[in-house]
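Working notes, structure below.
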């Protein structure tokens with residue numbers, strides 16, 4: 001692919017830093033973020049997507065914009081702030097990309113589906129049950145009729161993630177700390193490794209539409225804990241917490257649509273968890 005100038009909003013974050021790592025191997029990358037990115041090959045622009053000027057300046061001359069900046073689904077997130085960042089901030093990014101003539105690749109979320117029956121398909125009616133999901137869906141709707149690539153990311157995990165459940169469990173168990181288990185642990189998720197997510201997002205440079213990015217495999221939270229225990233031999237000290245009313249009981253994707261582009265997940269859950277543990281310094285002499 002021809003070298004181009006590409007903007008990555010949120011390029012210092014968990015997924016964004018992995019996207020920047022990959023893009024910088026071939027393209028000129030500009031990162032718009034409040035924090036300095038890990039990748040020194042990218043040009044860093046300190047800014048905020050809530051500022052039209054910050055986004056406009058960062059997007060100048062770019063042929064593609066990967067929009068990953070957002071306030072994540074935090075339990076105590078301020079709703080007004082989430083609206084200003086996830087919706088109004090996204091609008092600023094999309095407007096700047098359009099003015100620059102840049103292709104938009106947007107990292108949306110499985111949270112847009114709410115409690116819809118599984119497996120979740122892109123064409124079903126979305127009824128978010130969280131404010132996070134609602135703001136992501138509203139941002140998606142800004143792109144209706146465009147040639148944007150919208151990736152509905154499921155539960156992404158991998159190195160450098162500070163808040164994801166798999167990373168939190170790994171870190172807690174390695175330190176012999178209490179493992180916070182919300183609800184019964186029987187709730188299921190579709191966990192997808194970050195390098196597979198990057199592969200999917202890069203398809204957005206040449207494709208358009210809305211796509212689930214997941215594995216199509218359903219895993220309970222208790223199964224995650226069991227896998228970490230089997231790998232590390234650390235017995236978890238579980239601290240049970242009340243269920244979260246904004247967490248769906250089941251979540252697993254239908255990945256037929258993105259599979260049609262030739263994409264498929266390469267990293268199974270056990271391998272992915274092992275890679276996370278290794279990134280935290282865990283050794284596996286016993287395996």
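Only the coordinates and a few stated rules stand behind these numbers; no lab work does. Keep in mind that what you see is a predicted model, and the values were worked out from it rather than measured. Cβ coordinates were reconstructed from backbone atoms using ideal geometry, including for glycine residues, and neighbour counts include every protein chain displayed.
GNM on the chain, alpha-carbon springs under 10 angstrom: the most fluctuating residue among 30, 194, 168 is 168.
Does anyone have the angle between helix 90-100 and the longest principal axis of the chain? Alpha-carbon axes, 0 to 90°, nearest 10? Between helix and principal axis, roughly 40 degrees. Note on 46, 220, 17: ascending count of other Cβ atoms within 10 Å places them as 46, 220, 17, the fewest first.
Taking a virtual spin label 7 Å from the Cα of residue 246 along the C-beta vector, which residues in region 125-149 bring their backbone nitrogen under 14 Å of it? Those under the cut-off are 128-137. What's the center-to-center distance, using Cα atoms, between region 206-240 and region 5-61 in Å? Region 206-240 and region 5-61 have Cα centres spaced 29 Å from each other.
Over all distinct Cα pairs, what is the inverse of the mean 1/r for region 1-122, reported as the Kirkwood hydrodynamic radius in Å? Can you show the working numbers first?
Working: mean 1/r = 0.0673 Å⁻¹.
Taking every pair of different Cα atoms in region 1-122, averaging 1/r and inverting gives 14.9 Å.
Of the two radii for the chain, the radius of gyration is 0.96 times the Kirkwood radius, both from the alpha carbons; that is the Rg over Rh value.
Between 140, 98, 177, the GNM of the chain built on Cα springs shorter than 10 angstrom shows 177 fluctuating the most. When the Gaussian network model of the chain links Cα atoms closer than 10 Å, the mean-square fluctuations of 218, 79, 250 top out at 79.
Tell me, what is the percent relative contact order of region 1-136, built from C-alpha pairs under 8 Å that lie six or more residues apart? Walk me through the numbers on the way to the answer.
Values: 249 pairs, mean separation 28.9, N = 136.
Across region 1-136, relative contact order equals 21 percent.
Computed on region 5-279, with alpha-carbon pairs under 8 angstrom and 6+ residues apart, the relative contact order is 17 percent.
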